[in-house]
Amino acid sequence: MEKVEISATDLVGIYGGKILNKKERCELIAKMFRDNEAIQPDSMLTEGIVGRFVAGTRNEDFERLAGESVNEVAFVFGGDTIRTFCGMSASKALISLGFTKETLVSMSKSNFKHKLILFPEPSLCRQAKWHHVMEMVLDCYGQDVHRKLLPHLTDLKLTDYKDIDPHQRLIEIASLPHHEKMKHPEFYSPSKIRKISNVSLYDARGFFYHSMRCNPLFEGLGYTRSRNGDDDRAEYLVRNHKISELVDAVVVDVEFYENELV
């Protein structure tokens with residue numbers, strides 16, 4: 001009998017007795033999501049696959065993983081999260097990721113569309129811990145920005161957001177319409193950091209919030225905090241790729257009805 005060798009990579013891709021490549025696994029996961037079919041907790045089908053829900057009202061909103069091209073990075077969820085929401089309705093999947101029913105109803109009334117983007121982990125993919133976020137700064141913005149932010153790494157890990165921004169000014173700036181905040185003198189862009197001779201902890205946190213999407217809920221532990229307060233779903237940072245340029249990506253139109261949210 002001929003000996004057949006199966007690599008560890010092949011084992012990850014075995015499903016239903018077939019060896020699936022990454023594209024085929026993304027396609028199968030997409031089908032299971034559409035069909036509300038659950039993925040078993042011990043399944044390796046989602047291993048090495050990441051994803052993101054993207055929302056918008058215009059075609060341009062779906063060009064990149066995280067909207068505006070000025071954002072160099074995007075947060076994505078990993079295989080553990082994908083396993084969790086497969087088998088749920090689309091609305092329940094979005095709620096499990098932090099959307100409220102009220103927000104979804106409001107978005108629906110404003111003609112927002114939702115899409116699920118599934119793709120294999122790219123080479124630059126870091127779990128969202130503070131030291132990995134700092135590595136992404138070096139990769140995406142260069143040594144000059146990285147050098148000014150690095151001295152604050154320890155304090156970023158140890159200091160609560162509310163103690164850094166007690167008057168919530170950074171939140172106020174982040175909440176402005178896109179065209180306003182990008183021109184605002186208090187918006188922390190890479191160019192603003194480059195111009196500051198002595199970057200403070202407040203400046204550094206402002207940059208991570210405004211330019212890297214590390215909002216006030218971001219704790220830098222590498223996990224999305226679930227609704228019951230447990231740290232149980234890993235989150236990652238990748239470059240804010242054009243969706244059309246992602247290798248082996250699958251795009252799923254996400255549909256739900258308002259009566260599901262009542």
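The values are calculated or read from the model by the stated rules, or taken from the named source; none is laboratory data. This is a predicted model, so every value here is computed, not measured. Note that each Cβ is placed from the backbone with ideal geometry, even for glycine, and that neighbours are counted across all protein chains shown. Accessible surface areas use protein heavy atoms only, side chains included; no ligands, DNA or RNA. Shrake-Rupley method; radii C 1.70, N 1.55, O 1.52, S 1.80 Å.
Side notes on the structure shown:
- Isotropically averaged projected area of the chain, using the convex hull of Cα atoms (one quarter of hull area), nm²: 16.4 nm²
- Most to least accessible of K18, K157 (protein chains only, probe 1.4 Å): K18, K157
- Kirkwood hydrodynamic radius over Cα pairs of the stretch 146-208, then Stokes diffusion coefficient at 4 °C and 1.567 mPa s, in µm²/s: 106 µm²/s
- The alpha-carbon atoms of the stretch 98-227 define a convex hull whose volume equals 145 cubic angstrom per residue.
- Positive-end residue, the chain charge dipole about Cα centroid, Cβ charges, pick of W130, S91, A30: W130
- Applying a DSSP loop filter and a limit of 14 other Cβ atoms within 10 Å to the GluC sites (Glu not before Pro) in the stretch 26-97 leaves E37, E68.
- For the pair E135 and S197, a Förster radius of 25 Å applied to the C-beta separation gives a FRET efficiency near 0.55, rounded to the nearest 0.05.
- Accessible surface, per residue, of the chain when the full set of protein chains is kept, probe 1.4 Å, Å²: 55 Å²
- Pairs of Cα atoms farther than 17 Å apart, the stretch 79-152, %: 63 percent
- Just the protein heavy atoms count here, and of the accessible area of the stretch 25-80 at 1.4 Å, carbon and sulfur take up 41 percent.
- Relative to the Cα centre, the charge distribution of the chain, modelled as +1 at Lys and Arg Cβ and -1 at Asp and Glu Cβ, gives a dipole magnitude of about 600 debye.
- The calculated 222 nm mean residue ellipticity attributable to helices in the chain amounts to -10000 deg cm²/dmol, summing -39500 (n - 2.57) over DSSP H runs of n ≥ 4 and dividing by all residues.
- Angle in degrees between helix 201-212 and the longest Cα principal axis of the chain, rounded to the nearest 10: 40 degrees
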